[in-house]
Amino acid sequence: MKFTTYGFDVLCLVGELRFKHHMTRQEIADELNGRGVKTTDRNAQMLYERYLALLGASIDQHVSEVLKVVAEQNGGLMLSMDGVQPEKGNETLYVIREVFSGTVLVAKNLNSGSSEELQNLIRPITQLGYPIIGIVSDGQQSIRLAFEKLLPNVPYQYCQYHYLKDIAKPVVDLDRKLKTEIKKSLRGIREIERRVEAQSSEESEVARGYIAAARSLLLEDGNPPLDLPGMRIYQNAKAIQASLEQCLSKKGAFDSSIHRQNI
(Lines give C-alpha, C1' and ligand atoms only; values in the text may rest on other atoms or scores of the structure.)
Protein backbone atom coordinates (compact mmCIF):
# COMPACT_ATOMS: atom_id res chain seq x y z
CA MET A 1 0.00 0.00 0.00
CA LYS A 2 1.36 3.43 -0.94
CA PHE A 3 3.16 5.46 1.75
CA THR A 4 3.25 2.53 4.20
CA THR A 5 5.04 -0.78 4.65
CA TYR A 6 1.76 -2.58 5.43
CA GLY A 7 -0.31 -4.34 2.80
CA PHE A 8 -4.07 -4.39 2.23
CA ASP A 9 -4.22 -7.79 3.92
CA VAL A 10 -3.11 -6.17 7.20
CA LEU A 11 -5.70 -3.39 6.81
CA CYS A 12 -8.44 -5.96 6.22
CA LEU A 13 -7.31 -7.85 9.30
CA VAL A 14 -7.44 -4.67 11.38
CA GLY A 15 -11.01 -4.03 10.19
CA GLU A 16 -12.03 -7.59 11.03
CA LEU A 17 -10.47 -7.42 14.50
CA ARG A 18 -12.25 -4.14 15.23
CA PHE A 19 -15.72 -4.73 13.81
CA LYS A 20 -16.12 -8.50 14.08
CA HIS A 21 -14.19 -9.16 17.29
CA HIS A 22 -14.66 -5.70 18.88
CA MET A 23 -11.02 -5.38 19.92
CA THR A 24 -9.53 -2.20 21.35
CA ARG A 25 -6.57 -0.42 19.76
CA GLN A 26 -4.14 -2.06 22.17
CA GLU A 27 -5.67 -5.49 21.62
CA ILE A 28 -5.36 -5.08 17.85
CA ALA A 29 -1.69 -4.12 18.23
CA ASP A 30 -1.07 -7.15 20.45
CA GLU A 31 -2.79 -9.45 17.94
CA LEU A 32 -0.72 -8.09 15.04
CA ASN A 33 2.51 -8.45 17.00
CA GLY A 34 1.51 -12.01 17.88
CA ARG A 35 1.17 -12.73 14.16
CA GLY A 36 4.62 -11.33 13.40
CA VAL A 37 3.43 -7.91 12.18
CA LYS A 38 5.43 -5.45 14.28
CA THR A 39 3.42 -2.40 15.30
CA THR A 40 2.36 -0.20 18.23
CA ASP A 41 -1.05 0.78 19.55
CA ARG A 42 -0.69 4.24 17.94
CA ASN A 43 0.18 2.69 14.60
CA ALA A 44 -2.76 0.30 14.98
CA GLN A 45 -4.99 3.37 15.27
CA MET A 46 -3.51 4.79 12.06
CA LEU A 47 -4.16 1.49 10.25
CA TYR A 48 -7.72 1.49 11.55
CA GLU A 49 -8.28 5.04 10.23
CA ARG A 50 -6.91 4.05 6.81
CA TYR A 51 -9.26 1.08 6.80
CA LEU A 52 -12.21 3.39 7.51
CA ALA A 53 -11.17 5.68 4.65
CA LEU A 54 -11.05 2.79 2.18
CA LEU A 55 -14.31 1.38 3.54
CA GLY A 56 -16.02 4.74 3.13
CA ALA A 57 -14.81 5.04 -0.45
CA SER A 58 -16.08 1.55 -1.31
CA ILE A 59 -19.46 2.25 0.32
CA ASP A 60 -19.85 5.48 -1.66
CA GLN A 61 -19.24 3.57 -4.90
CA HIS A 62 -21.71 0.85 -3.90
CA VAL A 63 -24.39 3.39 -2.94
CA SER A 64 -23.90 5.22 -6.23
CA GLU A 65 -24.42 2.00 -8.19
CA VAL A 66 -27.54 1.10 -6.18
CA LEU A 67 -29.09 4.54 -6.61
CA LYS A 68 -28.47 4.46 -10.36
CA VAL A 69 -30.38 1.18 -10.68
CA VAL A 70 -33.21 2.39 -8.42
CA ALA A 71 -33.59 5.65 -10.37
CA GLU A 72 -33.75 3.76 -13.67
CA GLN A 73 -36.34 1.28 -12.38
CA ASN A 74 -38.60 3.75 -10.56
CA GLY A 75 -37.99 7.05 -12.30
CA GLY A 76 -36.20 8.50 -9.29
CA LEU A 77 -35.54 8.12 -5.58
CA MET A 78 -37.98 7.97 -2.67
CA LEU A 79 -36.49 9.56 0.46
CA SER A 80 -37.37 8.80 4.06
CA MET A 81 -36.10 10.71 7.10
CA ASP A 82 -36.47 10.01 10.80
CA GLY A 83 -34.84 11.04 14.05
CA VAL A 84 -34.09 8.80 17.04
CA GLN A 85 -33.05 10.07 20.46
CA PRO A 86 -31.62 7.18 22.54
CA GLU A 87 -31.90 9.08 25.81
CA LYS A 88 -33.57 12.37 26.65
CA GLY A 89 -31.10 15.24 26.57
CA ASN A 90 -28.64 13.46 24.28
CA GLU A 91 -27.96 14.05 20.60
CA THR A 92 -30.57 12.85 18.13
CA LEU A 93 -29.53 10.48 15.36
CA TYR A 94 -31.09 11.56 12.05
CA VAL A 95 -31.19 8.97 9.27
CA ILE A 96 -32.07 9.51 5.62
CA ARG A 97 -32.60 6.42 3.49
CA GLU A 98 -33.80 5.55 0.01
CA VAL A 99 -37.11 3.71 0.43
CA PHE A 100 -37.13 1.41 -2.62
CA SER A 101 -33.71 -0.10 -1.87
CA GLY A 102 -33.53 0.55 1.88
CA THR A 103 -30.11 2.15 1.37
CA VAL A 104 -28.98 4.50 4.15
CA LEU A 105 -27.77 7.73 2.55
CA VAL A 106 -27.03 9.84 5.64
CA ALA A 107 -26.76 9.09 9.36
CA LYS A 108 -25.58 11.81 11.70
CA ASN A 109 -25.96 12.88 15.34
CA LEU A 110 -27.24 16.42 15.77
CA ASN A 111 -27.65 18.57 18.86
CA SER A 112 -30.28 20.60 17.07
CA GLY A 113 -33.10 19.30 14.91
CA SER A 114 -33.87 22.69 13.39
CA SER A 115 -34.99 22.99 9.78
CA GLU A 116 -31.70 24.68 8.83
CA GLU A 117 -29.58 21.87 10.32
CA LEU A 118 -31.67 19.20 8.58
CA GLN A 119 -31.38 21.01 5.25
CA ASN A 120 -27.61 20.58 5.51
CA LEU A 121 -28.16 16.81 5.66
CA ILE A 122 -30.62 16.73 2.79
CA ARG A 123 -28.84 19.10 0.40
CA PRO A 124 -25.96 16.74 -0.62
CA ILE A 125 -28.54 14.10 -1.62
CA THR A 126 -30.41 16.54 -3.84
CA GLN A 127 -27.08 17.36 -5.54
CA LEU A 128 -26.40 13.74 -6.55
CA GLY A 129 -28.28 14.33 -9.78
CA TYR A 130 -31.06 11.76 -9.33
CA PRO A 131 -34.74 12.80 -9.50
CA ILE A 132 -36.57 12.79 -6.14
CA ILE A 133 -40.10 11.48 -6.74
CA GLY A 134 -41.39 11.28 -3.16
CA ILE A 135 -40.72 11.95 0.52
CA VAL A 136 -41.82 10.01 3.61
CA SER A 137 -41.36 11.10 7.23
CA ASP A 138 -43.12 11.30 10.57
CA GLY A 139 -44.95 14.41 11.73
CA GLN A 140 -41.87 16.32 12.97
CA GLN A 141 -42.41 19.85 11.70
CA SER A 142 -38.73 20.72 11.21
CA ILE A 143 -38.29 17.71 8.89
CA ARG A 144 -41.27 18.77 6.78
CA LEU A 145 -40.06 22.37 6.62
CA ALA A 146 -36.57 21.27 5.56
CA PHE A 147 -37.90 19.17 2.70
CA GLU A 148 -40.41 21.84 1.64
CA LYS A 149 -37.59 24.37 1.47
CA LEU A 150 -35.32 22.22 -0.71
CA LEU A 151 -37.90 20.13 -2.61
CA PRO A 152 -41.10 22.21 -2.65
CA ASN A 153 -42.72 20.38 -5.57
CA VAL A 154 -42.02 16.79 -4.48
CA PRO A 155 -45.03 14.83 -3.10
CA TYR A 156 -44.87 14.23 0.64
CA GLN A 157 -46.46 11.34 2.56
CA TYR A 158 -46.87 10.91 6.30
CA CYS A 159 -45.26 7.61 7.36
CA GLN A 160 -47.97 4.93 7.52
CA TYR A 161 -46.42 3.31 10.59
CA HIS A 162 -46.48 6.58 12.54
CA TYR A 163 -49.99 7.30 11.23
CA LEU A 164 -51.30 3.92 12.37
CA LYS A 165 -49.46 4.25 15.67
CA ASP A 166 -51.14 7.59 16.38
CA ILE A 167 -54.70 6.60 15.45
CA ALA A 168 -54.37 3.25 17.26
CA LYS A 169 -53.18 4.79 20.53
CA PRO A 170 -56.57 4.38 22.36
CA VAL A 171 -56.67 0.70 21.31
CA VAL A 172 -53.05 0.18 22.38
CA ASP A 173 -53.80 1.71 25.80
CA LEU A 174 -56.75 -0.66 26.30
CA ASP A 175 -54.65 -3.59 25.14
CA ARG A 176 -51.98 -2.71 27.70
CA LYS A 177 -54.62 -2.85 30.45
CA LEU A 178 -55.81 -6.23 29.15
CA LYS A 179 -52.26 -7.56 29.26
CA THR A 180 -51.84 -6.36 32.85
CA GLU A 181 -55.11 -7.96 33.99
CA ILE A 182 -54.31 -11.31 32.40
CA LYS A 183 -50.88 -11.38 34.02
CA LYS A 184 -52.45 -10.56 37.39
CA SER A 185 -54.78 -13.55 37.01
CA LEU A 186 -51.75 -15.82 36.56
CA ARG A 187 -50.12 -14.90 39.86
CA GLY A 188 -51.57 -17.97 41.58
CA ILE A 189 -49.71 -20.29 39.26
CA ARG A 190 -46.79 -20.61 41.66
CA GLU A 191 -49.02 -22.20 44.31
CA ILE A 192 -50.24 -24.83 41.81
CA GLU A 193 -46.65 -25.41 40.77
CA ARG A 194 -45.67 -26.19 44.37
CA ARG A 195 -48.46 -28.75 44.68
CA VAL A 196 -47.36 -30.82 41.70
CA GLU A 197 -43.58 -30.40 41.70
CA ALA A 198 -43.06 -33.14 44.31
CA GLN A 199 -45.47 -35.57 42.62
CA SER A 200 -44.48 -38.17 40.02
CA SER A 201 -47.83 -39.32 38.66
CA GLU A 202 -48.91 -39.08 35.02
CA GLU A 203 -51.44 -36.38 35.95
CA SER A 204 -48.77 -34.25 37.65
CA GLU A 205 -46.58 -34.49 34.53
CA VAL A 206 -49.45 -33.23 32.39
CA ALA A 207 -50.11 -30.47 34.93
CA ARG A 208 -46.47 -29.36 34.76
CA GLY A 209 -46.79 -29.09 30.99
CA TYR A 210 -49.81 -26.80 31.30
CA ILE A 211 -48.04 -24.74 33.97
CA ALA A 212 -45.07 -24.25 31.62
CA ALA A 213 -47.46 -23.19 28.83
CA ALA A 214 -49.17 -20.71 31.16
CA ARG A 215 -45.82 -19.32 32.31
CA SER A 216 -44.80 -18.77 28.67
CA LEU A 217 -47.67 -16.30 28.41
CA LEU A 218 -45.79 -13.96 30.75
CA LEU A 219 -43.01 -13.71 28.15
CA GLU A 220 -45.29 -12.94 25.22
CA ASP A 221 -44.84 -9.58 23.55
CA GLY A 222 -46.08 -7.91 20.41
CA ASN A 223 -45.39 -4.98 18.14
CA PRO A 224 -48.21 -2.43 18.37
CA PRO A 225 -50.25 -1.23 16.63
CA LEU A 226 -50.61 -4.21 14.26
CA ASP A 227 -49.56 -6.95 16.69
CA LEU A 228 -51.12 -6.23 20.08
CA PRO A 229 -49.46 -8.10 22.98
CA GLY A 230 -52.58 -8.14 25.15
CA MET A 231 -54.67 -9.75 22.42
CA ARG A 232 -51.90 -12.23 21.65
CA ILE A 233 -51.72 -13.29 25.32
CA TYR A 234 -55.53 -13.49 25.51
CA GLN A 235 -55.78 -15.71 22.42
CA ASN A 236 -53.00 -18.01 23.62
CA ALA A 237 -54.56 -18.20 27.08
CA LYS A 238 -57.91 -19.19 25.53
CA ALA A 239 -56.16 -21.91 23.52
CA ILE A 240 -54.50 -23.28 26.68
CA GLN A 241 -57.83 -23.16 28.51
CA ALA A 242 -59.63 -25.02 25.69
CA SER A 243 -56.90 -27.68 25.64
CA LEU A 244 -57.07 -28.07 29.42
CA GLU A 245 -60.86 -28.41 29.39
CA GLN A 246 -60.63 -31.04 26.66
CA CYS A 247 -57.99 -32.92 28.64
CA LEU A 248 -60.15 -32.86 31.77
CA SER A 249 -63.24 -34.04 29.88
CA LYS A 250 -61.30 -37.02 28.47
CA LYS A 251 -60.00 -37.85 31.92
CA GLY A 252 -63.55 -37.74 33.28
CA ALA A 253 -64.78 -40.10 30.56
CA PHE A 254 -61.86 -42.44 31.23
CA ASP A 255 -62.55 -42.45 34.97
CA SER A 256 -66.27 -43.16 34.35
CA SER A 257 -65.39 -46.09 32.08
CA ILE A 258 -63.16 -47.61 34.78
CA HIS A 259 -65.92 -47.08 37.36
CA ARG A 260 -68.46 -48.95 35.17
CA GLN A 261 -66.05 -51.84 34.65
CA ASN A 262 -65.52 -52.18 38.38
CA ILE A 263 -69.25 -52.35 38.96
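Scanning segment 27-41 for residues that are in a helix (DSSP H, G or I) and at pLDDT 90 or above yields Glu27, Ile28, Ala29, Asp30, Glu31, Leu32, Asn33, Gly34. From the list Leu52, Leu67, the one residue that fits, being part of a helix (DSSP H, G or I), modelled with pLDDT under 90 and among the hydrophobic types (A, V, I, L, M, F, W, C), is Leu52. Scanning segment 133-168 for residues that are under 21 Å from Gly83 (Cβ atoms), modelled with pLDDT of 85 or more and outside any loop (DSSP other than H, G, I, E, B) yields a total of 16.
Residues checked against (1) surrounded by fewer than 15 Cβ atoms within 10 Å (Cβ to Cβ); (2) under 32 Å from the mean Cα position of the chain (by Cα); (3) closer than 30 Å to Glu245 by Cα:
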site: Ile125; (1), (2), (3): no, yes, no
site: Tyr130; (1), (2), (3): no, yes, no
site: Pro170; (1), (2), (3): yes, yes, no
site: Glu181; (1), (2), (3): yes, yes, yes
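Restricting attention to segment 169-202, which residues are small (Gly, Ala, Ser) and either more than 19 Å from Glu220 (Cβ to Cβ) or at pLDDT 85 or above (or both)? Matches in segment 169-202: Ala198, Ser200, Ser201. Being under 22 Å from Leu151 (Cβ atoms), assigned by TED's automatic domain parsing to the domain that holds Val154, at pLDDT below 90 and not charged (D, E, K, R) is a property that does not hold for Gly89.
Annotation: Arg215 fulfils all but one of (1) touching a residue at least 12 places away in the same chain (Cβ under 8 Å); (2) more than 24 Å from Gln119 (Cβ to Cβ); (3) outside any helix (DSSP H, G or I); the unmet one is (3). Within segment 75-113, being in contact (Cβ under 8 Å) with a residue 24 or more places away in the chain and surrounded by fewer than 13 Cβ atoms within 10 Å (Cβ to Cβ) holds for one residue alone: Gly75. Evaluation of Leu228 against the conditions (1) surrounded by 15 or more Cβ atoms within 10 Å (Cβ to Cβ); (2) farther than 28 Å from His162 by Cα; (3) touching a residue at least 24 places away in the same chain (Cβ under 8 Å) shows that the sole unmet condition is (2).
If the condition is being under 26 Å from Val171 (Cα atoms) and among the hydrophobic types (A, V, I, L, M, F, W, C), then segment 208-241 contributes Ala214, Leu217, Leu218, Leu219, Leu226, Leu228, Met231, Ile233, Ala237, Ala239, Ile240.
Please verify whether segment 219-242 includes one or more residues that are over 30 Å from Met78 (Cβ atoms), not aliphatic (A, V, I, L, M) and not in a helix (DSSP H, G or I). Among the residues of segment 219-242, at least one is over 30 Å from Met78 (Cβ atoms), not aliphatic (A, V, I, L, M) and not in a helix (DSSP H, G or I), which makes the answer yes.
The values are calculated or read from the model by the stated rules, or taken from the named source; none is laboratory data. Every value quoted in this text rests on a predicted model; they were computed, and no experiment measured them. We place every Cβ from the backbone using ideal geometry, glycine too, and count neighbours over all the protein chains shown.
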